[in-house]
Amino acid sequence: MGEFMPRPKTLGGESNLETPVETQADGAPLFRISDLSAGYDKKVVVEGVDLEVRAGDVVALIGPNGSGKSTILKTITRHLAPLAGAVELDGREISRWKTAEFARNLAVMLTDRPRTELLTCRDIVEAGRHPYTGRMGTLSPDDHSRVDEAIKTAHVEELAERDFMQISDGQRQRVMLARAIAQDPRVLVLDEPTSYLDIRYQIDLLRILRHLAKSRNVAVIMSIHELELAQKSADKVICVKDGRVFRAGAPEDIFTRETIGELYGLQHGTFNERFGSVEIGRPHGDAHTFVIAGAGTGSAMFRQLIRQGKAFYAGVLHEGDIDCELARDLAAECVAECAFEPIGDKTIARAKELLVHCARLIVCPAAFGTINARNAELVEFARSHGIEVMRACGGGSEDSKYA
């Protein structure tokens, strides 16, 4: 990832003024939204929004489609005028900033794509330097250097001389990020920046944003649908639902089963905070399969059974085990013992009560350890009751394999 040259601190007039402008007090919010109401044609879409963003923060807006996330972003970028409330950059209402001055401090990457004719990707990135040029719009050698650096940082060198309209949506997304970087902002606002990107470039983009925030002290505000990426990249998460801020906080406080379920109105699935993903829920009907798992050996089998529409029991697992976390979401019942404790009589008895009604037992671990040794009793119990014992593929035993 390319390193950044020191950004010019300028306020109007010609570019590259040497006098730095540092108006933000230490620890004070760089960007502040107070009781904001926003919408279109005087119709309120979202209201009562309060938000403080400090330099170096990465803030993610999440929530259902149509909840008001994009409306908030378009208002703080001056694409929409606030219907009520205040939006301040460096303690000054954003409407009071001159256009070029505002553009030198805040860059935008929206989902809308510019329609261009005969412009290369480099031309698009160079547009990010226009707030720093004079009236003629001529780029200086320093501007060209910053464009080169932005192209390198966004990893779009191979696209630089190609026609912007003849590349894919995902490639255009990366070029637009390079343009925003070339603008050298203090605040970067992005609306669904991971849209159109494959997983490699989603990760790449978020790494770049984290780099900008932590090494350049850029405040990043973005809307995002990929919850697992928001959970791993944001310092602060804003939940928007039904035109209001439903909840706000650190990722560890927001990405819980209860909060995400309520935010999105999940009825047939659950959010698994350990995996950072949504599970589609249990199949209907009686369970005729019991799965012995543990230490992550059962996760693939659980999901395979779910895809096949087969309800199942899981056990005996231990509280805190990754398989136990997933089985609570997917299994008809998860038989669990206290963490770090050997399997007790009551727990093994409950497992046998469920197992006796099953047609098959699937064993995922290749071997049992000290605290889960009594799972071997379940294997012998199954054989003595005529229940088919199967090993998950890779388990390695004389039993038949479940593939």
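The values are calculated or read from the model by the stated rules, or taken from the named source; none is laboratory data. Owing to the predicted nature of the structure, the values given are computational and were not obtained by experimental measurement. Here Cβ is always computed from backbone atoms with ideal geometry, including for glycine, and neighbour counts include all displayed protein chains.
Things worth noting here:
- Residues that are aliphatic (A, V, I, L, M) and under 26 Å from the mean Cα position of the chain (by Cα), drawn from region 314-328: ILE322, LEU326, ALA327
- Any hit, region 268-279, residues being over 23 Å from VAL58 (Cα atoms), among the charged types (D, E, K, R) and touching a strand residue (DSSP E or B) at 6+ places or on another chain (Cβ under 6 Å): yes
- Those residues of region 255-275 which are surrounded by 17 or more Cβ atoms within 10 Å (Cβ to Cβ) and in contact (Cβ under 8 Å) with a residue 60 or more places away in the chain, in sequence order: LEU263, TYR264
- Between CYS364, CYS358, the distinction of being within 13 Å of GLY294 (Cβ to Cβ) and surrounded by 13 or more Cβ atoms within 10 Å (Cβ to Cβ) belongs to CYS364 only.
- Condition check for THR111: modelled with pLDDT under 95, among the hydroxyl-bearing types (Ser, Thr, Tyr) and outside any strand (DSSP E or B): yes
- Any hit, region 317-326, residues being in contact (Cβ under 8 Å) with a residue 60 or more places away in the chain and not β-branched (Val, Ile, Thr): no
- Those residues of region 132-160 which are part of a loop (DSSP other than H, G, I, E, B), closer than 20 Å to ILE199 by Cα and out of contact with any Leu (no Cβ under 9 Å at 6 or more places or on another chain), in sequence order: HIS155
- Failed criterion for SER168 (all others in (1) modelled with pLDDT of 95 or more; (2) closer than 26 Å to LYS69 by Cβ; (3) among the small types (Gly, Ala, Ser) hold): (1)
- Of ASP191, ASP169, ASP148, all but one fail to be charged (D, E, K, R) and under 29 Å from VAL44 (Cα atoms); the exception is ASP191.
- Contacts under 6 angstrom Cβ, first residue in region 77-92 being in contact (Cβ under 8 Å) with a residue 24 or more places away in the chain, partner in a loop (DSSP other than H, G, I, E, B), 6 or more apart: ASP90/THR23; ASP90/GLN24
- Filtered residues of region 161-213 (kept if part of a loop (DSSP other than H, G, I, E, B), charged (D, E, K, R) and touching a residue at least 60 places away in the same chain (Cβ under 8 Å)): ASP184, ARG186, GLU192
- One residue stands out among those in region 208-250 that are among the hydroxyl-bearing types (Ser, Thr, Tyr) and touching a helix residue (DSSP H, G or I) at 6+ places or on another chain (Cβ under 9 Å): the one that is nearest to SER34 (Cα to Cα), which is SER223.
- GLY344 vs. criteria closer than 20 Å to GLU319 by Cβ and over 39 Å from the mean Cα position of the chain (by Cα): yes
- Residues of region 201-212 that turn out to be among the aliphatic types (A, V, I, L, M) and more than 24 Å from THR71 (Cβ to Cβ), as a count: 3
- Any hit, region 78-92, residues being modelled with pLDDT of 95 or more, assigned to a helix (DSSP H, G or I) and touching a helix residue (DSSP H, G or I) at 6+ places or on another chain (Cβ under 9 Å): no
- Hits in region 243-264 (condition: in a helix (DSSP H, G or I) and not acidic (Asp, Glu)): PRO251, ILE254, ARG257, THR259, ILE260, GLY261, LEU263, TYR264
- Residue list for region 298-313, restricted to those being surrounded by 18 or more Cβ atoms within 10 Å (Cβ to Cβ), within 30 Å of the chain's Cα centre (by Cα) and of a type in the set (A, V, I, L, M): MET301, LEU305, ILE306
- Test: residue in region 337-351 that is assigned to a strand (DSSP E or B), crowded, with 18+ Cβ neighbours inside 10 Å and not basic (Lys, Arg): yes
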